[in-house]
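The block underneath contains the structure these notes are about, expressed in structure tokens.
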Amino acid sequence: FQACRDHARTEDLLRATGLPWTALRNGFYASSALQLLQSTRHTGDIALPADGPVAWTGHDDLAEATAAILTEEARFDGPTPPLTGPAALDFDTIAQIAAQTTGRPFTRTVVPDDTFREQVLAHGAPAPIADLMLSIFVAARNGEFTAVDPTL
């Protein structure tokens, strides 16, 4: 996942300064999942590419952790452990939770990668954004977002 490689490079640059630093390794934002599920509210169908488990993380939890980490002098020198939610969920599981929570049926339809990319482009996103969005699913399939750490 390119964003993770970019973050790692930033950490390398910070480390090379020799100065104290802290990098917050925030988990994948739950709000991103909600954005991906916008049409699901109306259709009841989670129509997205094949995925894998993701430790979705709430902004409120991350804000609290950030405040605690940054107000305790030198608590972390370098990167934090992954600041993630307590469980890694795929969209099949999210469909089950949504059905149990709302009492409505939810289904999970796997959309081919190229179809998803074309849909994103058709909604006006530039090609680099469509590629980035698709790369999220590829990375999830590869297990890149499964880290669950008790730090948060």
Please get the size of the charge dipole for region 1-113, origin at its Cα centre, with Cβ charges of +1 on Lys and Arg and -1 on Asp and Glu, quoted in debye to the nearest 20.
-> 220
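Rounded to a whole number, what % of the accessible area of the chain do carbon and sulfur atoms account for, probe 1.4 Å?
On the way: 5160 of 8990 Å².
Here it works out to 57 percent.
With a probe of 1.4 Å, find how much accessible area region 9-134 has per residue, and write the answer as a whole number in Å². Show your work: numbers first, answer last.
Numbers: 7470 Å² over 126 residues.
That works out to 59 Å² per residue.
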Would you grab the residues whose amide H sits under 5 Å from the one on residue 108? Only those 5+ places off in sequence or on another chain, please, with H modelled 1.01 Å from N.
-> 46
C-alpha center-to-center spacing [region 101-152, region 31-76] in angstrom = 13
Direction-averaged shadow area of the convex hull around the Cα atoms of region 14-55, nm²?
-> 4.6
Paramagnetic reach from residue 77 in region 1-44 [backbone N under 16 Å; point 7 Å along Cα→Cβ] = 14-23
In terms of modelled amide H atoms, which long-range or inter-chain residues lie less than 5 Å from the amide H of residue 89?
-> 54, 55, 56
Protection-proxy order for peptides 15-22, 104-111, each taking the mean of Cβ atoms within 10 Å per residue, highest first | 104-111, 15-22
Rounded to the nearest 10 degrees, what's the angle between the helix 2-16 long axis and the longest principal axis of the chain, both from Cα atoms, 0 to 90?
-> 0
In degrees from 0 to 90, rounded to the nearest 10, what is the angle of the helix 113-122 Cα long axis to the longest principal axis of the chain?
-> 90
Mind listing the long-range amide H neighbours of residue 23? Cut-off is under 5 Å, sequence gap 5 or more, other chains count too, H placed in the peptide plane at 1.01 Å from N.
-> 78, 80
What angle do you read, to the nearest 10 degrees and between 0 and 90, between the alpha-carbon axis of helix 127-141 and the longest principal axis of the chain?
-> 90
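The values are calculated or read from the model by the stated rules, or taken from the named source; none is laboratory data. Here the structure is a predicted model, which is why all the values come from computation and not from measurement. A quick note on method: Cβ atoms are made from the backbone with ideal geometry, for glycine too, and the neighbour counts reach across all protein chains shown. Accessible surface areas use protein heavy atoms only, side chains included; no ligands, DNA or RNA. Shrake-Rupley method; radii C 1.70, N 1.55, O 1.52, S 1.80 Å.
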